[in-house]
């Protein structure tokens with residue numbers, strides 16, 4: 001997917017979300033559970049870039065507005081990352097060893113480890129119950145992700161990868177960081193307004209070295225970027 005197609009996809013995604021919000025406006029928010037098991041680890045790959053002042057200000061404003069909202073999960077600054085490729089669902093407890101075939105995963109990952117990913121033209125993209133910071137990747141990163149995804153599909157990790165992407169394409173087209181998850185069918189009006197006021201803003205770019213990770217989706221636990229062990 002090229003830059004023009006990805007920009008169009010981000011716009012279309014937000015437009016669909018705005019329609020959902022409009023249809024649900026005035027409805028009582030119904031609390032929902034976590035999208036993923038908040039106590040288990042998943043394997044994925046991504047970057048942990050330096051956070052710019054503009055992004056830090058955005059994240060702090062989001063934390064301030066949701067401070068007393070028990071349904072809002074805002075990414076802590078220490079967890080700031082951009083996804084390259086999620087590989088599995090949350091499957092393992094913190095103390096549970098990863099399967100023996102993890103060595104095969106390490107070998108496949110060797111060609112990606114440490115490669116620099118650049119994501120530019122960052123902007124907010126809205127999902128009904130989430131706010132994403134999404135942008136446009138450089139061509140080398142796109143090709144590298146496609147190559148790694150193809151290698152995984154021909155490896156012992158194919159099943160885990162397909163389960164993780166059961167409702168999305170492989171690889172999923174977005175290049176993003178999830179800033180907020182909200183445990184209801186949509187964001188409340190104050191968060192909708194937060195997005196609308198910043199919809200046209202741009203937040204520069206980020207770059208960082210790729211790392212294979214095992215991480216827990218519950219942001220109360222620090223996102224443990226590091227070589228998968």
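Name, by its number, the condition in (1) at pLDDT below 95; (2) farther than 19 Å from residue 18 by Cβ that does not hold for residue 129.
(2)
Looking at the range 13-36, is at least one residue out of contact with any strand residue (DSSP E or B) (no Cβ under 7 Å at 6 or more places or on another chain), part of a loop (DSSP other than H, G, I, E, B) and over 15 Å from residue 186 (Cα atoms)?
yes
Just need a number here: residues in the range 51-68 that are over 21 Å from residue 183 (Cα atoms) and touching a helix residue (DSSP H, G or I) at 6+ places or on another chain (Cβ under 8 Å).
The qualifying residues number 2.
Just to check your reading of the model, which residue among 42, 72, 63 is in contact with a strand residue (DSSP E or B) (Cβ under 8 Å, 6 or more places away or on another chain), surrounded by 12 or more Cβ atoms within 10 Å (Cβ to Cβ), free of Cβ contacts under 8 Å to residues at least 12 places away in the same chain and farther than 15 Å from residue 134 by Cα?
None of the others qualify; the one that does is 63.
Take the residues in the range 185-212 that are under 26 Å from residue 32 (Cβ atoms) and within 18 Å of the chain's Cα centre (by Cα); name whichever of them is surrounded by the most Cβ atoms within 10 Å (Cβ to Cβ).
Result: 187.
With the requirement that a residue be assigned to a helix (DSSP H, G or I) and surrounded by 13 or more Cβ atoms within 10 Å (Cβ to Cβ), what does the range 159-175 give you?
Within the range 159-175, 160, 161, 164 qualify.
Would you call residue 98 in a loop (DSSP other than H, G, I, E, B) and surrounded by fewer than 21 Cβ atoms within 10 Å (Cβ to Cβ)?
Yes; evaluated as a whole, the condition is true for this residue.
The values are calculated or read from the model by the stated rules, or taken from the named source; none is laboratory data. What you see is a predicted model; the values in this text were computed from it and never measured. Neighbour counts are summed over all protein chains in view; Cβ atoms, including those assigned to glycine, are modelled from backbone coordinates with ideal geometry.
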